[in-house]
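Bear in mind these aren't lab numbers, they're just calculated from the coordinates by the rules spelled out. Quick caveat: nothing in here was measured; it's all calculated off a predicted structure. Virtual Cβ from ideal backbone geometry, glycine too; neighbours counted across all protein chains shown.
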Amino acid sequence: MGRVGLGVADLGDWKFFKCVEEAEFGPGPPINFAFVEAKLLDKNTILREHCKWMSIHTCREWLVNVKPGGVRVGLLAVIGLINESTEPTKFQVPSTLRFQEYPPGVVVIPMRSKTAKPFHTTNLVVFAPENDSGECKDGSFVASGDALIVDPGCRSESLEELREIVAALPRRLIVFATHHHRDHINGLSVIQKTNPDAILLAHKNTMSHIHKDDWNSAYTFVSGSEDICVGGQRLSIIFAPGHTDGHLALLHNSTRSLIVGDHCVGQGSAFLDLYSGASMADYFKTTYKFMELSPHALIPMHGRVSFWPKHMLCGYLKNRRSREKSILRAIERGAETLFEIVVKAYSRIDHSYWIPASWNVKLHVDHLALLDKLPKCFSIERFNRSLGSFAAELDKFEAKSSL
């Protein structure tokens, strides 16, 4: 109460209001919220600067008509008050799944998937607007539909729940793939069988990895300079290479919600796919591009939604720069092979993460070479020759460590 400028003496008739259980975003257990309500004894109480009295109607207006740098409304206000006061949408998530709708109209459903540790789910994002906001009156669109699904990647035991979600959505359905990894596209075949009229949007580098068994219906290549219209709402496609060479992001313009794929994750740092055209230089450029967009929420495909985008993106830049410095320091101290650099730069990281970490090391070394920061005595040729022996050296290291 002190944080909002209230004291115990200001309130009366305390009572429990409700408990809201969070969806299982991971990697840790869900965070559940308990709400209490009380009567304000002095109606003239002045709150501190970061708090504001408002009606639920005004609160909703601010949420669905976000402006860069404008007033922000927090998650607790939404799940505690606004969702309670609004009519349920026609689109219903299966009762077996927990989900989060924030901002209004952006439904995030963590689905069990075969993803990398420490996560166990991939966020399925669904847009199914009921009211046309008029955002699509002007401009051309690469695709138009009444609903949108982003990254349908889930385990086989969750495919029936995905089928129920698709069956509950309008037939004019757009499917958007941020990239080609299996934990993001494993449900494509189910969508195609449930709704043969659905259209898939993906970068050409992503489509080259999608097999006909996954999708053989209508699709459109997108490059990251197009808009799509979903139920009268505009979403902008953004080319976001770094994690892969065909990675895309998607900006929901009215709420400034940015779906970032695997560029960011809800906890920790993202690994880049060395074998799918990943680039550290591109990763830095994409991160700066995201910051310039001034999003109000970042929606990763693994972990919780971030409501402090600038803080998260700055943290990613700081982490990457710090890691690159530690790699350069290891090289300056005599490390010449991939394994030697990983041992020195990732000494405090669990060994089970060293293989994906080695991909990032390779990409950081390439980035340092691009910037001409590597010591003159460091041999890129020898370093590249050492890539193939990394797994064997790691096995020997772990066997020795277990003795």
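From its DSSP helices (H runs of at least four residues, each -39,500 (n - 2.57)), the chain gives a residue-normalised ellipticity at 222 nm of -8500 deg cm²/dmol. When the pairs Lys67/Lys204; Lys67/Lys114; Lys362/Lys396 are compared against a 25 Å limit on Cα-Cα distance, Lys67/Lys204; Lys67/Lys114 fall above it. Only alpha carbons enter this Debye calculation for the range 265-316, each as an equal point scatterer, and the log10 of I(q)/I(0) it gives at q = 0.14, 0.22, 0.32 Å⁻¹ is -0.37, -0.89, -1.31. Note on the range 1-157: Cα-Cα pairs beyond 29 Å make up 34% of the total pair count. The alpha-carbon of Lys344 sits under 16 angstrom from the alpha-carbons of these aspartates and glutamates, leaving out residues fewer than 8 places away in its chain: Glu324, Glu332, Glu336, Glu393, Glu398. To the nearest ten degrees, helix 309-332 and the longest principal axis of the Cα atoms of the chain are 10 degrees apart. Applying a 4.7 Å Cβ-Cβ cutoff to the chain, the cysteines left without a disulfide-compatible partner are Cys19, Cys51, Cys59, Cys154, Cys264, Cys314, Cys377. Converting phi to 3J(HN,Hα) with the Karplus coefficients 6.51, -1.76 and 1.60 and the offset θ = phi - 60°, the range 193-205 yields 5, 6, 9, x, 7, 5, 10, 9, 10, 7, 5, 4, 6 Hz in sequence order, with x at every glycine or proline.
Suppose every K and R has +1 on its Cβ and every D and E has -1 on its Cβ; what is the size of the dipole of the chain about the Cα centre, in Debye to the nearest 20? About 1120 debye. Over the range 326-402, the pair-distance histogram of Cα-Cα distances with 5 Å bins from zero comes to 3, 16, 29, 27, 15, 7, 2, 1 percent, rounded to whole numbers.
Nearest 5 percent is fine: what portion of the DSSP beta bridges confined to the chain is antiparallel?
Values: 32 of 49 bridges.
Of the beta bridges lying entirely in the chain, close to 65 percent run antiparallel.
Kirkwood radius for the chain, taken over all pairs of different Cα atoms as the inverse mean of 1/r, rounds to 23.2 Å.
In summary, the convex hull built on the alpha carbon positions of the range 199-281 has an orientation-averaged projected area of 6.7 nm². The alpha-carbon of Lys52 sits under 16 angstrom from the alpha-carbons of these aspartates and glutamates, leaving out residues fewer than 8 places away in its chain: Asp42, Glu61.
Axis of helix 159-168 versus longest Cα principal axis of the chain: the two differ by about 40°, to the nearest ten degrees. Bridging of Lys193 to lysines at a Cα separation below 21 Å is possible for Lys212, once same-chain residues fewer than 8 apart are set aside. Helix 390-401 and the longest principal axis of the Cα set of the chain meet at an angle near 90°.
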